[in-house]
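Taking it in order: structure first as structure tokens, then the write-up.
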Amino acid sequence: MSNLARKKIKRKNAPGNRSDLGWEHGVEVGSRQVQCNYCKEIHSGGIYRLKHHLAGTRKNVSACPSVPEKVREKFATLLYAQSEASIKKKRWYTIEEEDDGNDDELVEVQQLHSSKGRGKHIGSMDKFVTKNKQVTMNRVFKKGERDLVIQQIARFFYTSAIPFNCVKNPEFLQMIDMISRFGIGLKPPSYHEIRETCLKKEVDFTQQMLEEYKIEWKKTGCSIMSDGWSDKKRRSICNFLVNSPKGTIFLYSIDTSNISKTAEKVCQMLDEVVDRVGEENVVQLVTDNAANYKLAGEMLMQKRKCLFWTPCAAHCLDLILEDFEKKIKDHKYTIAKGKKITTFIYSRAMLLNWLRDFTKGRELIRPAATRFATSYLTLSCLNEFKGELMAMFSSEQWRCSKFAKTKEGKRIHAIVMDNNGFWRLVVKCLKAAIPLLKVLRLVDSDTPPMGFIYQEMEKAKEEIQKNFNNVQKSYKEIWDIIDDRWEMQLHRPLHAAGYYLNPSIHYDPSFDPGSDIKLGLYTCLQRMVPEVSDRKKIDMQLEKFKQAKGLFGIEAAILARDTKQPAEWWDSYGDDCPELKKFAIRILSLTCSSSGCERNWSAFEMVHSKRRNRLHQKKMNDLVFVMYNLKIKQKRAKPLSTKEEIGLENLSSDDEWLAADSVDSEDDSADFNEDNEGDDEVSRVAAKGKSVLVHDVSDEFPENDDGSNDDDSDRPPPGFERVRDFDDYAMDVDTRKDIDDEMRYDNDSD
């Protein structure tokens, strides 16, 4: 017998040499007939067909109804592996699914037989499949295949330290879809392609996407926003962005670590940005209130006669809140005690878990757009959870804990249970701060606030006065602090002009512009409209606007005064006064804040991180340019949540409300009475699983020296149903952690 014959006899499925795994689950009963050990059915076609019978592929054989699930999965995986091995030996193969109504099909891989120059063009997937030979596989087969793929994707996430919420990124979903459409044989991108080729293409694509923004700038004007920032390596980075009603785009950043940040140098950098954007498009530059930026802005206004420098309103409001804390004793005292509570709890995991049990998972820390807004928003949260905190610190769980026996624990207990002291002062602080937080929310939003900020500041002062029952002694110090910042730093000609041109304000019967408003309006007119003839036309057209003549007075215009955005209103009804219309739109389309820079520091931090310190400045600019500006595309494609609308996607925590303080001084304990008669009642109610608000025995506070009465420590300031009406200006810690991770790159050593 020849060697070839002997090899044939020793094949694994030959009689006497049944090494195929299938024979463990079937018995040969005749020539090429095998009986299944589970359902006892006899099938022709040998062991090959039995394996498909066990796997449930329905390939020219019925599925076994009695096979154990583990055996079914075993043979499904085995057949899949054999199919993969076959594919690697051939070219032009792929897999296509076909739905037969049972949702458990899989197309068998087939070889494409084609001849050059023949046949019509068909779909990218169809050309790899011979339709008249398609077969299906059971869902178990497909599930096993998907599990392997998903596991590999997860492994990539784990080994690259990629945040889990990246799977929600639309670009990730698009990537998976395009890979599946390509099919078998996709060659992965090389290091050079990702770092050079693809990045360059993406920069070009992003540039094209932003062309529509540049077209809008010609009509609405724009604001250049600049802000300094330091990365983890303490390098100083200066970012430049451009804001318009369509959105904020990133231009570029400069590493200013080795540059002296004098007013002259800052002015030079800002001047270069104006050239890049186009002076005819720029209405204002918005920066923080640092002395060098202020002087640089004034220098640039002398050189560029048609634009304004405007201080960041969010920064000014933050300075007002800072002055409250520094200059008003009650605010300084209360915020310090509030920090002691949060740092004591958040630095101890057990206490934090107890707190979450009492608050149903809600957090005490409320990060906001600015540092000092965080302080007051956290006070508002403490006030809302006053009952839960009191219940926790008077519960049996607390009494028996080691924390209750420590010196610091006793002090924190005294603070929390001090109903007439600490909690009354919390409400007093919120009465002053909450109206300003509403203004901060306005200027930090994506809606152009220029037409509203002047009025909102006045309304905030009136609200503070009302909160203190119109007792001048109670609110005068607060008003003085606001006026110092508002008059000296924040109040600008553009704010006055926006106030005058806002139809919802102008046509109000109480509207009575003073000389400062008119001076601001005509200052803007002189700078923004270089031609004298155009200024004369606008001055005449203002009379038409004041008297609501022509389109200004039609029913649609009247009804839309309070519903449309001011710039949109002018675009709709200002055609009778074209010069005034253009002037008004360019003012009412402006932002008041450079907080767009701060909201996206995480993007800059990620690119400028230590792991990427060898990247050239140009490449870092390209990365941030693509990453930041593509997010605009995603925001426009997907409706925003309230938190996103007000720009909270990248807020970081305020560590001073989380990090443990040093040991308190001995004096602090004297401020509080550690004996509280209401403890037993609180414990009794808390034991029933209820959250309570603990009131003083008299249920009201005595009058203050000034005659006012702060008897509402358990209620938010007047005019608010709940202090938590500001929830949409804050977010939970867990959400914030996810967002902080969102923009992080892989650990690319580059």
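Among the residues making up the stretch 231-255, those that are crowded, with 18+ Cβ neighbours inside 10 Å and of a type in the set (S, T, N, Q) are Asn239, Asn243, Ser244, Thr248, Ser253.
Scan the stretch 464-494 for residues that are more than 18 Å from Leu521 (Cα to Cα) and buried (at least 18 other Cβ atoms within 10 Å of the Cβ) and the total you get is 10.
The residue that is nearest to Phe372 (Cα to Cα), among those in the stretch 445-467 that are outside any helix (DSSP H, G or I) and touching an Asp or Glu at 6+ places or on another chain (Cβ under 9 Å), is Ser445. Scanning the stretch 314-349 for residues that are part of a helix (DSSP H, G or I), among the charged types (D, E, K, R) and either within 23 Å of Leu364 (Cβ to Cβ) or without any contact (Cβ under 8 Å) to a residue 24 or more places away in the chain (or both) turns up Asp318, Glu322, Glu325, Lys326, Lys329, Asp330, Lys332, Lys337, Lys339, Lys340. Looking at the stretch 212-234, is at least one residue of a type outside the set (D, E, K, R), over 30 Å from Cys524 (Cβ atoms), modelled with pLDDT under 90 and assigned by TED's automatic domain parsing to the domain that holds Tyr293? Checking the stretch 212-234: at least one residue is of a type outside the set (D, E, K, R), over 30 Å from Cys524 (Cβ atoms), modelled with pLDDT under 90 and assigned by TED's automatic domain parsing to the domain that holds Tyr293.
Tell me, yes or no, whether the stretch 172-185 has at least one residue that is under 30 Å from Asn281 (Cβ atoms) and in a helix (DSSP H, G or I). Within the stretch 172-185 (the criterion being under 30 Å from Asn281 (Cβ atoms) and in a helix (DSSP H, G or I)), the answer is no, since none of the residues qualifies. Residues that are part of a loop (DSSP other than H, G, I, E, B) and acidic (Asp, Glu) do not occur anywhere in the stretch 487-507.
Close Cβ contacts (under 9 Å, 6 or more residues apart or on different chains) running from residues in the stretch 148-163 that are under 20 Å from Thr77 (Cα atoms) to residues that are at pLDDT below 90 and part of a helix (DSSP H, G or I) comprise Leu148/Thr77; Leu148/Tyr80. If you check Asp227, Asp275 for being at negative phi and either touching a residue at least 60 places away in the same chain (Cβ under 8 Å) or under 28 Å from the mean Cα position of the chain (by Cα) (or both), only one passes: Asp227. Just one of the numbered conditions (1) under 30 Å from Leu437 (Cβ atoms); (2) touching a Leu at 6+ places or on another chain (Cβ under 6 Å); (3) touching a residue at least 40 places away in the same chain (Cβ under 8 Å) is not true of Val282: (1).
The set of residues from the stretch 256-284 being part of a strand (DSSP E or B) and surrounded by fewer than 20 Cβ atoms within 10 Å (Cβ to Cβ) is empty.
Within the stretch 495-520, the residues that satisfy the criterion of being within 21 Å of Phe308 (Cα to Cα) and surrounded by 21 or more Cβ atoms within 10 Å (Cβ to Cβ) are His495, Ala496, Ala497, Gly498, Tyr499, Tyr500, Leu501, Asn502, Gly520. Contact annotation: residue pairs with Cβ atoms under 6 Å, 6 or more positions apart or on different chains, pairing a residue in the stretch 438-462 that is not assigned by TED's automatic domain parsing to the domain that holds Gln284 with a partner that is among the acidic types (Asp, Glu) and at pLDDT 90 or above, are Val439/Glu456; Leu442/Glu456. Return a yes/no flag: does the stretch 307-325 have any residue that is hydroxyl-bearing (Ser, Thr, Tyr) and under 22 Å from Asn239 (Cβ atoms). Among the residues of the stretch 307-325, at least one is hydroxyl-bearing (Ser, Thr, Tyr) and under 22 Å from Asn239 (Cβ atoms), which makes the answer yes.
The values are calculated or read from the model by the stated rules, or taken from the named source; none is laboratory data. Model, not experiment: these values are computed from the prediction. Note that each Cβ is placed from the backbone with ideal geometry, even for glycine, and that neighbours are counted across all protein chains shown.
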